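Input: a single structure, listed below in structure tokens.
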């Protein structure tokens with residue numbers, strides 16, 4: 001298999017995994033949600049709800065096939081006689097597939113809104129609120145001290161680069177193509193050598209803050225079954241914390257491996273499958289975790305009245321509720337927590353999250 005054929009295969013697999021994750025997000029969504037709208041327990045298994053959900057999941061599958069076909073056509077046409085352009089095919093497929101999700105989602109949401117009006121759906125507000133004063137002490141999360149392992153990995157990477165400074169090539173390869181061959185270089189200097197270590201440190205801080213937010217997120221206990229809901233929520237938070245920690249450790253190690261390949265001239269042919277498989281592995285890990293949470297019945301822990309109210313969810317995804325003092329609430333889709341944009345700190349945190357990747361790009365440009 002030549003380099004071009006390898007690119008076609010890898011990008012095709014990545015496109016399939018991305019599409020599978022997007023479709024699975026809807027298919028594996030909690031049964032109490034239908035296109036961002038709360039469904040009362042009595043209607044969750046109704047034929048109308050199943051028909052709306054199934055019809056639009058089917059539309060997503062058709063969209064993925066059409067996007068793939070369009071991508072292959074554009075890729076072959078733009079590549080001439082050199083085996084086509086896999087990058088053009090991949091970009092075209094994603095544009096068609098992701099762009100087509102907007103009208104599909106809007107169509108499903110319109111039908112769900114009509115059903116809501118016909119059935120007079122409303123949030124099931126309990127008559128009382130139950131709070132466990134020892135809830136935070138009961139949480140069995142990964143301790144923040146365990147992130148010192150990440151820091152130790154970064155320190156080892158930095159010390160290794162300093163000790164081997166003389167054997168580091170000049171210029172330093174800073175970008176590798178899909179086949180594993182270097183295609184961009186930068187002069188040997190602080191930025192080129194230690195940029196990945198800076199990225200490691202930034203990501204460690206981000207993952208640490210995410211783990212801390214899990215501990216600080218408010219409890220949501222079911223007044224009818226407080227003990228059962230408490231145990232389910234404790235399991236849900238532990239699963240999130242363990243997954244975040246494992247993911248962060250994997251990313252930090254892979255960045256260290258990437259730095260070693262770049263600086264010490266390790267043969268890229270042996271590492272290209274791992275480098276190419278990293279995005280696919282991350283996508284599979286997220287999808288697998290969402291599947292595990294749904295399989296264990298841990299995806300419906302967000303049962304508070306505030307989270308159930310459709311009016312507080314803009315478009316079904318963004319939470320904006322001035323009456324809710326909480327900064328973080330459970331997501332309606334996906335796994336974990338999201339920001340209350342009506343909270344004074346909500347917008348600031350959101351802006352800070354957007355600035356992280358921008359800061360990494362700016363640092364890379366400055367130090368290179």
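Summary of computed values
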{"quantity": "Extension gain (nm, one decimal) between residue 320 and residue 66, 0.36 nm per residue minus Cα-Cα", "calculated": "87.9 nm"}
{"quantity": "Difference of contour (0.36 nm per residue) and Cα-Cα distance, residue 113 to residue 353", "calculated": "83.2 nm"}
{"quantity": "Residue 149 versus residue 246: modelled label distance in nm, points set 7 Å from Cα along the beta carbon direction", "calculated": "1.2"}
{"quantity": "Paramagnetic reach from residue 57 (point 7 Å along Cα→Cβ, amide N under 19 Å) across region 92-118", "calculated": "101-102, 104-113"}
{"quantity": "15 Å reach of a label modelled at residue 341, 7 Å along Cα-to-Cβ, counting backbone N of region 202-221", "calculated": "none"}
{"quantity": "FRET E, pair residue 184, residue 215, Förster distance 51 Å, beta-carbon r, rounded to 0.05", "calculated": "0.80"}
{"quantity": "Radius of gyration and Dmax over the Cα atoms of region 310-354, both given in Å", "calculated": "9.9, 27"}
{"quantity": "Residue 311 paired with residue 227, simple spin-label distance in nm, labels 7 Å along Cα-to-beta-carbon", "calculated": "3.7"}
{"quantity": "FRET efficiency estimate (nearest 0.05) - Cβ-Cβ, residue 48 to residue 295, R0 30 angstrom", "calculated": "0.75"}
{"quantity": "Likely footprinting exposure, 350, 207, fewest C-beta neighbours within 10 Å first", "calculated": "350, 207"}
{"quantity": "Projected-area mean, region 224-265, by convex hull of Cα positions, square nanometres", "calculated": "2.6"}
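Each value in this text was obtained by applying a stated rule to the coordinates, not by laboratory testing. Quick caveat: nothing in here was measured; it's all calculated off a predicted structure. Neighbour counts run over all protein chains shown; Cβ positions are idealised from the backbone, glycine included.
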